[in-house]
1. Quick one: which residues, 5+ away or cross-chain, put their amide H under 5 Å from the amide H of residue 60? H built at 1.01 Å from N.
2. How many times 2.2 N^0.38 Å is the alpha carbon radius of gyration of segment 25-117?
Amino acid sequence: MKRVILGALACFSLSVLLTCCKEDPVFDENLLLGRWVEGTEYYRYDEGHTGATWNPGEDVEEEEALPFTWSLSEDRLIHYHTMEGGQVVPQAYTLTKLSESELAYHDNVGTEHKYIKVN
């Protein structure tokens, strides 16, 4: 009986250890720099953690783009959108893919976004 309890305790300890030590993926933020498009929605990520978003499908061109700042830590991408009145609205995403040509992430309700690099 003592062996069974010790065996169960060892299995439990190992499963806790493996679960708690899981590392979040780390993405290279340099791959994020540039222009990305999904449908008619564009995002531009610039050096210095600034950027802009626009949608020609809604008659908004790059010159009229909504500015934002951004941060990337491990797989957590946050956009800080500055609205016309000056208020800052953060939007958080979890990156699932970032390569030289593809960007994919989802928001906290599970909406997926998949972009391709256009420059």
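Laboratory data are not the source of any read-out in this text; all were calculated from the coordinates shown. Everything numeric here is computed off the predicted structure, so don't read it as measured data.
1. 55
2. Numbers: Rg = 12.6 Å, N = 93, 2.2 N^0.38 = 12.3 Å.
Rg over 2.2 N^0.38 Å, computed on Cα atoms: 1.02.
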